Structures are given as C-alpha cells and as structure tokens.
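Every number here is computed from the coordinates shown, using simple stated rules; none is lab data. These numbers were taken from a predicted model, which means no experiment stands behind them. As a convention, Cβ positions derive from the backbone with ideal geometry for all residues, glycine included, and neighbour counts pool all protein chains shown.
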Amino acid sequence: MQDCPALFPCRITRYLPCLSSFCLPCLFPGQPTSVLPLTTTSASASLVPVGSPGLDFSARPRLRCCSSHSPSLQPIDFVRAHKNGLFPVFPGLPEYLFARGLIKVAIIIPYRNRHEHLKHLLFYLHPMLVRQQLDYGIYVINQDGEGVFNRAKLMNVGFAEALKDYDYECFVFSDVDLVPMDDRNLYRCFESPRHLSVAIDKFNFQLPYNTYFGGVSAMSKQQFLTVNGFPNAYWGWGGEDDDMYKRIIFHGMSISRPDHITGKYKMIKHDRDDHNADNPERLDKLSHTRETMDKDGINTLNYTVKDIVKDRMYTFINVDIKAP
Ligand SMILES: [Mn+2]
C-alpha cells in the first residue's frame, strides 16, 4: 500500500476489468474525510447472491491506497475483447464475469454543479455495480448554462446518447444524491418498470406516497420506448416523476419494487439548487398526461450536445436542452 498515484493505469470504455475493491480507494485521491463512511454488515451475508450487503454509514472507511501496479489493472478495451470472444483472465475476478449474457445497463445521472455528490455516489456505486456483475456505463448528463433545470429532459438525452455509445438494453435513471445501501438492490431491468429508491433516509425509509416513482428507477429500452420516455415539458422542480408513473400505468404496465430493506438509500444532504424552483405548472400538466404522453417525449426530443468527455469513471455529456 502506498500513496495514490495521480492517475490509474487503465483507460477503458467501461469499467469491469479495472475495478475491484482493491483499487477503489484510488478512484478519488485526496482527503479521506470527504468520503462518506463505509462498512459492510455481515448479518445477512449468507443470503446474498452478489456480494456483501448493506452499507452502514456509522463508521469511517479505511482509505488505503492501492499499489500503482495492481495486476488487475490492465489497459484493455473490454468491449472489443468481449465482441471478439476473448475473455482474458484478470487475477482475482472470477471467469464467469466475462461469460456472455452480462446485462448491458446504462446508468443515467441528470446533473448540474454537484461534483461533490457525484464523487460520493460513484465511490459507492462503481463497486456495487461490479459486484452485481453488470456490463455497465455511467453517463452524467450536464445541463449547460443557467436556465431552469429539467431533470426529465436530461434523462431522455441520456437514453438517446447512451444508445449511440453501446447497445444497452436497460437504463437506470438516478439522482446524483442517492446512494444505494444494499447490494441486493439490483441495478437491472425487470418485467415491469422498476422503482428502486423505495426507502430513502430523508423520508424516514418510507415511500413518501404510494405512486412515487422518483429518485432512482430502471426501465428496459422497450419499456422506455413504449411510454415515449420522459416528458420534456417539466421545467423546474417536481412532477416529471409522477408523469412517468402515469405514462407507465396508462400503457397498461405496473411498477415493481424491491422491499423496504433492500431498497434503502442514503440521500446526500443539500439545499435546493439555484434555477430549480418548484414548477408551478406541474399539477396542471399532470392532469393532462394521457393526452400529452404520445406527443411529448423521446419522439420529440431536441437538444444540442456541446461536449462529450470520456472520463475514466464516467462519460460526461454537456448538453444544451434549450431552456426557456
Ligand atoms: Mn436531491
């Protein structure tokens, strides 16, 4: 163990081969105090199919750095290897990680000016997604400029842009400040659209209301297209998640959820952002979802990509979404 190197010697399209719990502390070199505490609990370990469950935020993590020459860090293009049917063996990772059939999942994070939150989220999310054995990519969709924020439209952009990047079959839409606390909360798609953040500490680990679909949700490509994606017309805070819930119900689907233990989340505390005031039109809009859902959504999405930066840990897409 030694000081974190400035860079980690691996650059790949996605993250599977280069991440292990061994190298994670090096993802964010710097002050350990800026990272939420992490320990795992052992109580139900034997029940867990995908790694150690449960985050307990009561103790600080031990942030030891990795060696700069970890044998598991290799500059390999995993996607190309996968396509070519090559399954190189990475020390410490089981061979079945590289078998065919990994679920291709894009994590979409609408974003503006929340670097600290993103750092915290990714510190926990990457290792969990690796333990869940997903073929995943993370897309941070940044709303360019100071216009009114539009979470739903950014998620539509994320869907469209991620599909240009790779043949994803499942999309997880996540707020930047919601950290999953249990590995068993699978970031994949199910037969029904899935609401994942069912027990957020801010809401006392309860659903705030039964039809709540906000926070973190997962939809397959087909489910998302069936409901015409998210609405683009909700500028400012609130309503867009309820609109999505209605779209799902109006298309004859229901939602699935994990239980209230598995679905626990820690919300990173913050004040309301600038330029994201309550949307006063949301209740009126919500009363018209049935008429508007086929006319406003992924089929009418328009935006301009200003930059795409492939960071080691995520793809950052800066986008002008034509805020009014
Ligand atoms: Mn928030």
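Count, please, the residues in segment 219-241 that happen to be over 15 Å from Asp296 (Cα atoms) and either surrounded by fewer than 24 Cβ atoms within 10 Å (Cβ to Cβ) or without any contact (Cβ under 8 Å) to a residue 24 or more places away in the chain (or both).
Narrowing segment 219-241 to residues over 15 Å from Asp296 (Cα atoms): 219-223, 236-238.
Now drop any that are not either surrounded by fewer than 24 Cβ atoms within 10 Å (Cβ to Cβ) or without any contact (Cβ under 8 Å) to a residue 24 or more places away in the chain (or both), which leaves 220-223, 236-238.
Going through segment 219-241 one residue at a time, the tally reaches 7.
Tyr187 fails exactly one of the following numbered conditions: (1) surrounded by fewer than 19 Cβ atoms within 10 Å (Cβ to Cβ); (2) part of a loop (DSSP other than H, G, I, E, B); (3) away from the ligand (no atom under 16 Å from the Cβ). What is the number of that condition?
With respect to (1) surrounded by fewer than 19 Cβ atoms within 10 Å (Cβ to Cβ); (2) part of a loop (DSSP other than H, G, I, E, B); (3) away from the ligand (no atom under 16 Å from the Cβ), Tyr187 is out only on (1).
So that you can scan it fast, the table gives a plain yes or no per residue for (1) closer than 23 Å to Asp177 by Cβ; (2) within 16 Å of the ligand (Cβ to nearest atom); (3) β-branched (Val, Ile, Thr):
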{"site": "Tyr209", "(1), (2), (3)": "yes, no, no"}
{"site": "Gly214", "(1), (2), (3)": "yes, yes, no"}
{"site": "Val227", "(1), (2), (3)": "no, no, yes"}
{"site": "Phe230", "(1), (2), (3)": "yes, no, no"}
{"site": "Met267", "(1), (2), (3)": "yes, yes, no"}
{"site": "Ala277", "(1), (2), (3)": "yes, yes, no"}
{"site": "Asp294", "(1), (2), (3)": "no, no, no"}
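For segment 311-324, which positions are within 20 Å of the chain's Cα centre (by Cα), surrounded by fewer than 17 Cβ atoms within 10 Å (Cβ to Cβ) and within 18 Å of Asn113 (Cα to Cα)?
Asp311
Just to be sure, is Pro180 within 16 Å of the ligand (Cβ to nearest atom) and surrounded by fewer than 21 Cβ atoms within 10 Å (Cβ to Cβ)?
Working: within 16 Å of the ligand (Cβ to nearest atom): yes; surrounded by fewer than 21 Cβ atoms within 10 Å (Cβ to Cβ): no.
It is false that Pro180 is within 16 Å of the ligand (Cβ to nearest atom) and surrounded by fewer than 21 Cβ atoms within 10 Å (Cβ to Cβ).
Would you mention how many residues in segment 165-177 are more than 15 Å from the ligand (Cβ to nearest atom) and closer than 10 Å to Ala218 by Cβ?
Just the residues of segment 165-177 that are more than 15 Å from the ligand (Cβ to nearest atom), to begin with: 165-172.
Checking which are closer than 10 Å to Ala218 by Cβ leaves us with 170-172.
Of the residues in that region, 3 qualify.
Of the residues that make up segment 197-211, is at least one closer than 27 Å to Thr300 by Cα and touching a helix residue (DSSP H, G or I) at 6+ places or on another chain (Cβ under 9 Å)?
Narrowing segment 197-211 to residues closer than 27 Å to Thr300 by Cα: 211.
With the extra rule that they be touching a helix residue (DSSP H, G or I) at 6+ places or on another chain (Cβ under 9 Å), the set shrinks to 211.
Scanning segment 197-211 turns up at least one residue that is closer than 27 Å to Thr300 by Cα and touching a helix residue (DSSP H, G or I) at 6+ places or on another chain (Cβ under 9 Å).
Could you list all residues from segment 254-274 that are surrounded by fewer than 16 Cβ atoms within 10 Å (Cβ to Cβ) and out of contact with any strand residue (DSSP E or B) (no Cβ under 8 Å at 6 or more places or on another chain)? Spell out how you get there, then give the answer.
The initial filter retains those residues of segment 254-274 that are surrounded by fewer than 16 Cβ atoms within 10 Å (Cβ to Cβ), namely 254, 256, 259-260, 269-274.
Across segment 254-274, the qualifying residues are Ser254, Asp259, Lys269, His270, Asp271, Asp273, Asp274.
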